[in-house]
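For reference, the structure is listed below as structure tokens.
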Amino acid sequence: MANWANIANAGDPRSAAWQAQNLSNVGVGGQNWQVYAPAAQSFQGFLNELAGTGYVPRSSGGYNVRNIAGSDRLSQHSWGNAIDINAATNPHVKNGGGLQTDLPQNVGQLAAKYGLEWGGYWKNPDAMHFEWKGGGNQRGADTPQTENLSPPPLSMAKLMPGIGDLGGGGGYQRAMPFEEGFGPQQFMQGILGGTLKQDMRAAVAKRVLGLFI
Ligand SMILES: [Zn+2]
């Protein structure tokens with residue numbers, strides 16, 4: 001379960017003030033869902049694309065302050081951070097009953113494009129249920145996530161002018177096993193965590209101190 005929303009990061013949904021400030025409506029095909037406003041764009045984008053496949057929403061469930069069944073923890077629906085679609089044909093199946101759904105086969109990937117997790121993937125599949133994972137470094141629903149959205153790798157030459165001569169001709173880009181998405185933070189972690197070659201670490205640390213002091 002993604003369970004992104006909690007009182008610490010999204011506020012207390014049981015208060016009237018929270019409800020007045022944090023809810024928004026999305027809808028498609030004559031059905032409407034009341035949802036957590038920061039997640040509204042993601043839900044709307046997903047619903048539009050789902051409806052575009054020809055799937056017809058016949059029932060909806062969104063914001064609803066309640067505990068997770070069998071627990072004293074608030075459900076993601078308490079913040080409107082989850083929506084349910086067509087509960088009758090997409091039941092929450094427990095005790096090893098297996099997935100039951102009439103949703104399109106690729107609905108999990110479709111949801112993921114909009115930063116949503118599909119309950120159909122869970123151990124006790126909840127096929128009607130889609131919940132927002134909090135955005136993070138994902139883009140909004142108008143630009144669905146289709147690629148690795150890590151910050152672009154920063155050239156070591158740019159980060160540390162002159163550093164290339166430490167790597168024995170090839171520079172750091174070639175001398176070290178950088179992977180895509182490797183940025184300054186990972187670079188520093190590399191220095192501290194010892195993933196750089198031993199003989200380079202001292203030179204790099206010296207260079208970093210020289211730049212930053
Ligand atoms: Zn649900």
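Taken along the Cα-to-beta-carbon direction at a fixed 7 Å, the label points for Asp72 and Ala51 span 4.2 nm. Note on the range 7-132: with charges restricted to the Cβ of Lys and Arg (+1) and Asp and Glu (-1), its dipole about the Cα centre is near 120 debye. Other residues whose C-beta falls under 10 angstrom from the C-beta of Trp118 contribute a net charge of -3, scoring Lys and Arg +1 and Asp and Glu -1.
Between the listed residues Asn95, Gly119, Leu50, the Cα displaced farthest toward the positive end of the dipole of the range 7-132, a dipole computed from Cβ unit charges relative to the Cα centre, is found at Asn95. Each part reduced to its alpha carbon centroid, the range 1-80 and the range 95-138 end up 14 Å apart. Using a simple spin-label model with pseudo-atoms 7 Å out from Cα toward Cβ, Arg14 and Tyr121 lie 3.1 nm apart.
Ranked by how many other Cβ atoms sit within 10 Å of their own Cβ, fewest first, the residues Ile68, Ile85 fall in the order Ile68, Ile85.
Quote the FRET efficiency, to the nearest 0.05, computed for Gln105 versus Asn25 with a Förster distance R0 of 30 Å and r equal to the Cβ-Cβ distance. Could you put the intermediate results ahead of the total?
Working: r = 29 Å, r/R0 = 0.96.
The pair Gln105/Asn25 has a calculated efficiency of 0.55.
Please work out the FRET efficiency for the pair Asn6 and Ala88, using the Cβ-Cβ distance as r and a Förster radius of 30 Å; give the result to the nearest 0.05. Once rounded, the FRET efficiency stands at 0.50.
Throughout, read-outs are computed from the coordinates displayed, never taken from laboratory work. Since we're looking at a predicted model, the values are computed, not measured. Cβ: placed from backbone, ideal geometry, glycine included. Neighbour counts: every protein chain shown.
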